[in-house]
Amino acid sequence: MLNTIVTTDRKNHKESIELAAYAAEKLGIKNVKRNRAALPEMREEYGVDNILVAKKGSFVLDTLDGELFFHPNMSQLRIKNIRMGDEDHMTAAMDLKEGMSVLDCTLGFGADAIVASFVTGEGGSVTGLEASPLIAFVTGEGMKHFLATNYELHSAIKRVNVINADYNEYLKTLPDKSVDVIYFDPMFRHPLKDSHNINPIRSVADHRPLELSAVEEAKRVARHRVVMKENSRSLEFARLGFDTIVGGKHSKVHYGVIKL
């Protein structure tokens, strides 16, 4: 179903072998011995598009569009800027404060969830939903094993709770007014041309547009705000009822806000 096999790096470390076995059981995919074979050869031999490679303490998903692996990416710089007193447009759109709870419905690489986790602090909570089993696995395991040299970044990463779930169904299970902020960052209806860093995620991501029914569920569940990230020129804000827009004048990305 996942069109994926799992294997180890070329060196076949004991830890990598154990991680590959763990991933195979967790995802229900075939575990294949590497035998120093090149990934393109293995892709052709087993007729799959994706190969999950277990390395020491981490996983890399090799897709037809490139490699997908967990890294804090821009969250590290954004946290540094927040500490220096600069405004972060996402957390401003959320009106995020220490101790708040956030449900990130579209986790992806996890950068936005990490920033939210930093701002909400030890007294807050951030849960990240990811519909793709492969992305959820790579990001979740990456967060577990990543060792950040900065304590605040490290703590923010470790506090994010990753769940492989479809937000359309998950939201229905939550009580009214049970989360402070609900956040959506769906795949843009009109992708930014220079977003090369997310190309590897496209082939395994959930491309369904955000629907009004999900926004209505989010409004029921959220206490404070519902926020959506989109292309600054997108018509999705108007279609889905996000009547307040937050973002820099020249920014290619804006945040739509529904205040509750």
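A few points about this structure:
- Simple label model, 7 Å out from Cα along Cβ direction - residue 92 to residue 208, nm: 3.3
- Within the listed set 247, 47, 121, the residue fluctuating most in the Gaussian network model of the chain (springs between alpha-carbon atoms under 10 angstrom) is 47.
Here, each number is a calculation from the coordinates, and none is a lab measurement. Quick caveat, the model's predicted, so the values are computed rather than measured. Every residue, glycine among them, receives a Cβ derived from its backbone with ideal geometry; neighbour counts consider all protein chains shown.
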